[in-house]
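The values are calculated or read from the model by the stated rules, or taken from the named source; none is laboratory data. Small disclaimer: the values here were computed from a predicted structure and weren't measured. Methodologically, a virtual Cβ is constructed for each residue, glycine included, from the backbone with ideal geometry; neighbour enumeration extends over all protein chains shown. Keep in mind that these areas ignore ligands, DNA and RNA; they rest on the heavy atoms of the full protein, side chains included. Shrake-Rupley method; radii C 1.70, N 1.55, O 1.52, S 1.80 Å.
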Amino acid sequence: MRRHAVACAAVLLAAVILVPSAVAQGFSVYEHDACTMARGTTGVAAPCSGGSAVFFNPAGILGSATTFNLEGNLTLIAPTGNYTDSASRVKTDLVNHTFPVPAGYATYQISPTFAAGVGVYAPYGLTTDWPTTSPGRYLAYKTSIASIYVQPTIAWAPVPQLQIGGGPVYVHSSAQVHRRIDASTTGIPGTPLTLASLGVPTGTDFADADFDVSGNGWGFHVGAIFKATDKLSLGVRYLSQVKINYTGTASFTQVPTGLTLAAGNPFGLPGGTPLDLVLAAAFDPDSVLASRGASTSITMPWQVVAGAAYKVMDNLTVLFDWQHTNWSSFNTLQLSVAANAGTGGQPETIGSLESYGNTDAFRVGLDWQATKTLAVRLGALRHNGASPDQSVTPLLPEGNRVEGTVGVGVKLLPQLRLDLGYQYLQQQDRRGRLIDPPAGTAPTPAMNTGIYSFKANLFSASLALGL
């Protein structure tokens, strides 16, 4: 029975480790304003008016033509993707979803040299959802994470050419991972065998694992804008890392197999006995697959953005941004599951070497005020992926990306502006894996057995009111 407990505990702990993996593999969202998104998400040197500068550069909330600004934004992200097995050529598609990402901002111009504001945005989040029949379901078939940032902000202009701003950020984050457990790999009590030796086919689901945690943390966000000339502005911002201590539960639900035991089985049960009756004991209170407390910690990476904005003409601005994100903070992760009788009365801890790398994004945008009431915007961007080859899994098979953007801004009323943006994302195909490495070993690129493809369409709308 001890071997059965160890095997199931290893599965439980493997489920736990998937949560931070999802974050580290680029669950990053940068589209928090339709105006900014339409011009290639550039704006650190010249943020769009309306309040979104709280995120794109806190110093930029100062200098608005109106005293009070209120903005709401909604971005819809519609990803599509698939996994194709290199040997069988069988293709599995992601479940189609459209994910809403809201953001909101309010700013107030206290004086010509002071401003204050607050913003709510979600820079780290999204969901990956595969069918429950997908070949990678034993790693994960659904993973979601949401990190909500709340940022009060102040800005000050010590001299006319320089603006500085910033404020603390409070973060609430939640994460969930769902995966299946394969009955064929489960040990037979009192023997060195697994259920596969009784004829249980590989890929027989008998349990659904759900890891659900949440936590809070604090950080800060600062920025500066320097107006070098009447035409050229330079900007920089820094969003600090935030350590989140997550707590929650790991729970398990039995999935019927519909199989029966043969006569002379190691359990000493009559032939024809349902296998599900035997497996049900693993879900009893204090057994290996009983619900229990779980915890981990994740450090949301810091990011720095620098850029320039140049007015080619009074009504035409060209913008360029560079962003560096410190994903390498996810090198090693330690995860814990509370003790119970099924684990021998000892809490379980496991470490994982993820080896994520830092990323750099390059963005260029064009903002043309075509008429007094209409602005037209274009942009393009590219960035590299954070995960190394051995970490490309069903959680988020991300990689190098190129993206194009377009949009318009329309002044509906003297005090009311509507911005619309569209962004197309194309990701480079990547080879990835579907299985965990053997216990005590690190994954390698040799475990990659198929190709992940991914693309997405993003639609954004912002409504900004200035009084």
| query | Quick one: which of Q163, Q151 is in contact (Cβ under 8 Å) with a residue 24 or more places away in the chain and either touching a Gly at 6+ places or on another chain (Cβ under 6 Å) or under 24 Å from T257 (Cβ atoms) (or both)? | reply | Q151
| Exactly one of (1) modelled with pLDDT of 95 or more; (2) in a helix (DSSP H, G or I); (3) touching a helix residue (DSSP H, G or I) at 6+ places or on another chain (Cβ under 8 Å) is unmet by C35. Its number? | (3)
| query | Hey, T249 hits all of (1) in contact with a Ser or Thr (Cβ under 9 Å, 6 or more places away or on another chain); (2) buried (at least 17 other Cβ atoms within 10 Å of the Cβ); (3) at pLDDT 85 or above but one; which does it fall short on? | reply | (2)
| task | Hey, can you tell me all the residues within segment 253-266 that are in a loop (DSSP other than H, G, I, E, B) and either touching a residue at least 12 places away in the same chain (Cβ under 8 Å) or surrounded by 15 or more Cβ atoms within 10 Å (Cβ to Cβ) (or both)? | result | V255, P256, T257, G258, L259, L261, A262, N265, P266
| field | From the options I110, I77, residue that is among the β-branched types (V, I, T) and buried (at least 19 other Cβ atoms within 10 Å of the Cβ) | value | I77
| request: Kindly indicate which of G440, G385 is crowded, with 17+ Cβ neighbours inside 10 Å and either touching a residue at least 40 places away in the same chain (Cβ under 8 Å) or farther than 28 Å from N82 by Cβ (or both). | output: G385
| said: Of the conditions (1) of a type in the set (A, V, I, L, M); (2) open to solvent by less than 20 Å² (accessible area, probe 1.4 Å); (3) over 29 Å from Y356 (Cα atoms), L70 satisfies every one except a single condition; which number is it? | reply: (2)
